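Shown next, in structure tokens, is the structure this report addresses.
Please treat every number below as a calculation from the coordinates, not as lab data. Because the structure is a prediction, the values reported are computed rather than measured. Cβ sites come from the backbone with ideal geometry, for glycine too, and all protein chains shown count toward neighbours.
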């Protein structure tokens, strides 16, 4: 081969190498990225999950729903293990607070709807993992409950609310018509409660009552009455406490009047605890109307089916000046992901939460007697008129205020309402004292 031919051949090779080098570099980078992505997607290890019990009303299982999802997810993701630690409703919140203080928190816990945890030093913001389309699949109230300062702090998976439960056997016995379509004005409500308050054995003592409930921090059973005239507790824009003035006073008086003016409650209304009030309704059956959460529906159905209960229905809270029924609710459940050092593990945590909120699993929430957090699941209670009525009432639900001092504000408010109910102070005094104490809380913030 001639020298010129060899030189030409070498020149061609050099040109080809120069032309192909960008492609080689791109391909190399692509291979590196693919290996990195593969490594992230094939993360293996243990994800710790703390969770509260969710009663399956059919089986009696308290953790069956989440355990089923864990098993299926582990099966589809070999090498990934979800370690569940059951926590109860009484001690669980304390355990979580302590875990955060010590830095020994789980990877995932159902705390993302709690304002106090919506901080980047505690939870992972999740916006970058959810497209706009994925976010829009959640109901407005559910997504709003996990959003603060424009960031998504968790993944909502279920919703409940408060409604009024009516003992129809007592309504029938007294010849009282339940409210049409579950709606009644406060005045209509009072008239019916009067007719349902009576002395059943003619001994001169009232032993059946139209209404009862209990007062306790973090429980909002009676707040559908208190807020029925349009009062708000915290101004959303300014964050200021505003539960005073005419609307607040009128709403609180409506609750107080049930006991002292209309006398349709037990004399110890305000002192009754949760168990005592509930027992009067479901067990003693001497209370016609009782407000509580969605969980009660399946319990009452089971009792009725066993011959130990009564016929019942559900209704909205009495309508006031707002001209719509209203309830106050803290019952949107959402999982949050605590701060992670490993990006691949974080992505696997997100993958798990997306997995358990798939529409097919949202439909299984029927077994828990709760409602989906996603708007696409519309046929869950198509043939259950009571649950459908409750589901429709979700649109009237107010979410508890998002304020870093809410727990303290709530305790003050509930205590003052209790003092007014047991007659130790007037409604006006209760609101004034609550305002004074809460303003001191605000001053201590500064």
As an exercise, find the ratio Rg/Rh for the stretch 323-389 from alpha-carbon atoms, using the Kirkwood inverse-distance average for Rh. 1.10
Ordering 417-430, 377-390 by per-residue average of other C-beta atoms within 10 angstrom, highest first, gives 417-430, 377-390
Could you work out how far helix 186-195 tilts from the main Cα principal axis of the chain, as a 0 to 90 degree angle to the nearest 10? 50
Could you state the angle between the C-alpha long axis of helix 64-76 and the longest principal axis of the C-alpha atoms of the chain, as a value from 0 to 90 degrees rounded to the nearest 10? 10
Could you tell me the relative contact order of the stretch 120-190? Use alpha-carbon pairs under 8 Å, at least six residues apart, and round to a whole percent. 24
Packing rank of 308-319, 79-90, where each peptide gets the mean count of other beta carbons within 10 Å, highest leading: 308-319, 79-90
When the convex hull of the C-alpha atoms of the stretch 341-446 is computed, what volume per residue in Å³ does it have? 187
Please compute, for the alpha-carbon atoms of the stretch 258-404, the extent along each of the three principal axes and give them in descending order in Å. 61, 40, 32
Residue separation times 0.36 nm, minus the C-alpha to C-alpha distance between residue 378 and residue 301: what's the value? 25.5 nm
Relative contact order, percent, of the stretch 314-426 when contacts are C-alpha pairs under 8 Å separated by at least 6 residues? 31
For the stretch 162-311, what are Rg and Dmax over the alpha carbons, in angstrom? 16.2, 56
Hey, how many Å between the Cα centroid of the stretch 313-344 and the Cα centroid of the stretch 184-224? 26
For an R0 of 45 angstrom, estimate the FRET efficiency from the Cβ-Cβ distance between residue 185 and residue 364 and round to the nearest 0.05. 0.75
Multiplying the sequence separation of residue 439 and residue 240 by 0.36 nm and subtracting their Cα-Cα distance, what value in nm do you get? 70.7 nm
Let's test this: bin the Cα-Cα distances of the stretch 195-276 at 5 Å from zero up to the farthest pair and state each bin's percent. 3, 14, 19, 21, 17, 11, 7, 5, 2, 1, 1, 0
Quick check: the angle from helix 406-421's long axis to the longest principal axis of the chain, C-alpha only, nearest 10 degrees? 10
Given the alpha-carbon gyration tensor of the stretch 282-358, what are the semi-axes of its equivalent ellipsoid in whole angstrom, ordered largest first, with each equal to the square root of 5 times an eigenvalue? 40, 20, 10
Expressed in angstrom and rounded, the centroid-to-centroid distance over alpha carbons for the stretch 77-133 and the stretch 349-365 is 16
Taking the chain and counting helices only, DSSP H stretches of n ≥ 4 at -39,500 (n - 2.57) each over all residues, the nearest-500 ellipticity at 222 nm comes to -13500 deg cm²/dmol
Could you tell me the relative contact order of the chain? Use alpha-carbon pairs under 8 Å, at least six residues apart, and round to a whole percent. 22
Ordered by packing density, taken as the mean number of other Cβ atoms within 10 Å over each peptide's residues, highest first, how do 343-349, 142-148 rank? 142-148, 343-349
Förster radius 30 Å - calculated FRET efficiency between residue 42 and residue 122, Cβ distance, rounded to 0.05: 0.60
